[in-house]
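What follows is a short report on a single structure.
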Amino acid sequence: MKPKALVVGAAGQLGRRLVSSLGGDYEVVAWTRAELDLGDLESIGPKILALRPSVVVNAAAYTAVDKAQSEPELARRVNGQAPGLLGQAARELGIPVVHFSTDYVFSGEKTGPYLETDPTGPLNQYGRTKLEGEQALLAAQPLSLIFRISWVYSFDQPCFYNTMRKLLVTKEELKVVADQIGAPSPAGWLADQAALVLKLWGNMAPEQREAAAGLYHLSPEGQTSWFGFAQEILGSLRLHQEVPCRLSPIPAQDYPTPAQRPANSVMHNRRLAMTFGLPRPDWLTLFFVEIAPNLRGARPSGTKPS
Ligand SMILES: NC(=O)c1ccc[n+]([C@@H]2O[C@H](COP(=O)([O-])OP(=O)(O)OC[C@H]3O[C@@H](n4cnc5c(N)ncnc54)[C@H](OP(=O)(O)O)[C@@H]3O)[C@@H](O)[C@H]2O)c1
């Protein structure tokens, strides 16, 4: 019989993909907000203890970065406090938590990629609450894995990629921020990597396992700006259809948002590479691997493959 993995936040971009990535090794129990509301802090412990999973994988979060500025209490409960309660229940059961955090724990002022050991300095409520969640989880259950990820996209859920895909075919001109850099990361790749690391970690001897627990940056190689990513999305659309839209780069100050974002979101996977020896593919390669099968399906009706 397979061990049981509980995926919390199973309807999100990453949660959905985790359900399938973990499916080979685990009997996956997929809980959406309907089954477990992380804003209802008292319900967390009893529900996890009743289920008795072998691992808790938390893909749920308050991810509305701008809205978090005006809803800091709810964002703090879901992102800051709930991970600690997941950790407490996990510790009681003697099981690990796999959790996801963000590049937004950093100020973005560093020149070059961020390491796990770099000082944090979130610029907005979302980043502050996510940082609190990392700390709360590791205090409650140190035998956990936290992956800081960034610029997540998927083909079928709301994200920058899908927003661009829609706007590029309906607008004549689009202005996109060019002075914030990061590495776009497909949800499917992130989920596969997290599942693989969990497996490798689980196979380690106990003392090695303890040393290898904690915080990891998980991000593809290379970097681009939102503008650069939009250019690649436009290029991929033009492989299959005429898209007359003109793209222009703008500075972030010309696109004001309630939450300030870091200018540099690039993270280095050094700890992941050194501990688990995993290769780090380029973000652009991953982009084409991720979208190629979907683009074939997305060809406008009535057109023929060339
Ligand atoms: N997206 C990014 O670019 C990005 C970047 C860095 C880090 N991350 C982190 O990666 C993880 C996954 O993000 P994602 O991109 O998959 O986000 P997502 O698509 O917005 O999914 C988040 C999920 O969390 C659920 N959720 C929100 N509030 C909840 C609550 N109170 N109780 C239970 N579930 C709740 C949402 O449910 P509903 O559908 O009901 O709202 C949604 O299914 C998060 O930890 C996020 O902070 C994401």
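Each reported figure results from applying straightforward, stated rules to the coordinates on display, with no laboratory input. Note that the coordinates shown come from a computational prediction; the quantities given were computed from them, not determined experimentally. Methodologically, a virtual Cβ is constructed for each residue, glycine included, from the backbone with ideal geometry; neighbour enumeration extends over all protein chains shown.
Bridges between two residues of segment 152-276, per DSSP, are antiparallel at a rate of about 20%. Listed by chain and number, the lysines whose alpha-carbon sits under 29 Å from that of residue 67, ignoring those within fewer than 8 places in the same chain, are 47, 110, 130, 166, 171, 175. Loop-located chymotrypsin sites (Phe, Trp or Tyr not before Pro) in segment 94-126 (DSSP state not H, G, I, E or B) with no more than 16 neighbouring Cβ atoms inside 10 Å do not occur.
Listed peptides 129-138, 256-265, 225-234 appear in the order 129-138, 225-234, 256-265 once ranked by packing, highest mean of other Cβ atoms within 10 Å at the front. Its Cα centre serving as origin, segment 85-145 has a Cβ charge dipole (Lys and Arg +1, Asp and Glu -1) of approximately 100 debye.
Once you order the gyration tensor axes a ≥ b ≥ c over the Cα atoms, which shape class does segment 1-100 get: rounded for a/c under 1.5, otherwise prolate or oblate by comparing a/b with b/c? Here segment 1-100 falls in the oblate category. The peptide list 149-158, 41-50, 166-175, put in order of mean Cβ contacts within 10 Å with the highest first, becomes 149-158, 41-50, 166-175. Per-residue extension of 0.36 nm, minus the Cα-Cα distance of residue 70 and residue 52, leaves a gain of 2.9 nm for this segment. Hey, how many Å between the Cα centroid of segment 130-175 and the Cα centroid of segment 80-106? If we compute the Cα centre of each part, the gap is 18 Å.
Net charge dipole, segment 79-198: roughly 180 debye, given to the nearest 20, about the Cα centre with Cβ charges of +1 for Lys and Arg and -1 for Asp and Glu.
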